1. Which of (1) in contact (Cβ under 8 Å) with a residue 40 or more places away in the chain; (2) touching a helix residue (DSSP H, G or I) at 6+ places or on another chain (Cβ under 9 Å); (3) surrounded by 16 or more Cβ atoms within 10 Å (Cβ to Cβ); (4) hydrophobic (A, V, I, L, M, F, W, C) does Ala76 not meet, given it meets every other one?
2. Say we look at region 79-102 and pick out the residues that are assigned to a helix (DSSP H, G or I) and out of contact with any helix residue (DSSP H, G or I) (no Cβ under 7 Å at 6 or more places or on another chain); which of these is surrounded by the most Cβ atoms within 10 Å (Cβ to Cβ)?
3. With the condition kept exactly as written, say whether any residue in region 8-18 is closer than 16 Å to Ile88 by Cα, surrounded by 20 or more Cβ atoms within 10 Å (Cβ to Cβ) and either touching an Asp or Glu at 6+ places or on another chain (Cβ under 7 Å) or of a type in the set (Ser, Thr, Tyr) (or both).
4. Hey, could you check region 23-51 for residues that are over 16 Å from the mean Cα position of the chain (by Cα) and closer than 23 Å to His92 by Cβ and say which is surrounded by the fewest Cβ atoms within 10 Å (Cβ to Cβ)?
5. Is it the case, given these coordinates, that Ile70 is β-branched (Val, Ile, Thr), surrounded by 10 or more Cβ atoms within 10 Å (Cβ to Cβ) and within 21 Å of Thr53 (Cα to Cα)?
Amino acid sequence: METLHKIGRRKTAVARVYLSEGKGNITINKRELANYFTTPTLQYKVKQPLVLTNNEETFDITVNVFGGGITGQAEAIRLALSRAMCEIDPEHRIILKPEGLLTRDPRMVERKKFGQKKARKKFQFSKR
């Protein structure tokens, strides 16, 4: 199996995931998973597609991720890994789809409008 390449996005974060056969090493921006995502919650989010499909120690994963915050980056990686798992074996789709891991979350930050303080907040109204 040659290297498989998939892209995942969340908010403004973009993750490029490269899968190849190996022992289960996950490298994110040339750093180990535990060094890049320090909290167990974020580590779980990244590993979730691998755990559900029983592929934790089957592939070596290299990730390039940029933009957004740390949670957005973790969820972008999760989407890319889920897409890669479906490419490897179409049966994985049945497991990942009900968990909502194949859905691209469309929510983005709403833009600030002119004449207002923020996206929805207005300046204080003065009657007189």
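The values are calculated or read from the model by the stated rules, or taken from the named source; none is laboratory data. Here the structure is a predicted model, which means the values were calculated and not measured. Virtual Cβ from ideal backbone geometry, glycine too; neighbours counted across all protein chains shown.
1. (2)
2. Ala80
3. Scanning region 8-18, I find no residue that is closer than 16 Å to Ile88 by Cα, surrounded by 20 or more Cβ atoms within 10 Å (Cβ to Cβ) and either touching an Asp or Glu at 6+ places or on another chain (Cβ under 7 Å) or of a type in the set (Ser, Thr, Tyr) (or both), so the answer is no.
4. Looking at residues that are over 16 Å from the mean Cα position of the chain (by Cα) and closer than 23 Å to His92 by Cβ, I get Lys23.
5. Taking the combined requirement at face value, the residue does not satisfy it.
Let's see how each residue does on (1) at pLDDT below 95; (2) closer than 17 Å to Leu79 by Cβ; (3) out of contact with any strand residue (DSSP E or B) (no Cβ under 8 Å at 6 or more places or on another chain):
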{"position": "Gly8", "(1), (2), (3)": "no, yes, no"}
{"position": "Lys11", "(1), (2), (3)": "yes, yes, yes"}
{"position": "Val17", "(1), (2), (3)": "no, yes, no"}
{"position": "Ser20", "(1), (2), (3)": "yes, no, no"}
{"position": "Asn25", "(1), (2), (3)": "yes, no, no"}
{"position": "Leu33", "(1), (2), (3)": "yes, yes, no"}
{"position": "Phe37", "(1), (2), (3)": "yes, yes, no"}
{"position": "Pro49", "(1), (2), (3)": "yes, yes, yes"}
{"position": "Leu52", "(1), (2), (3)": "yes, yes, yes"}
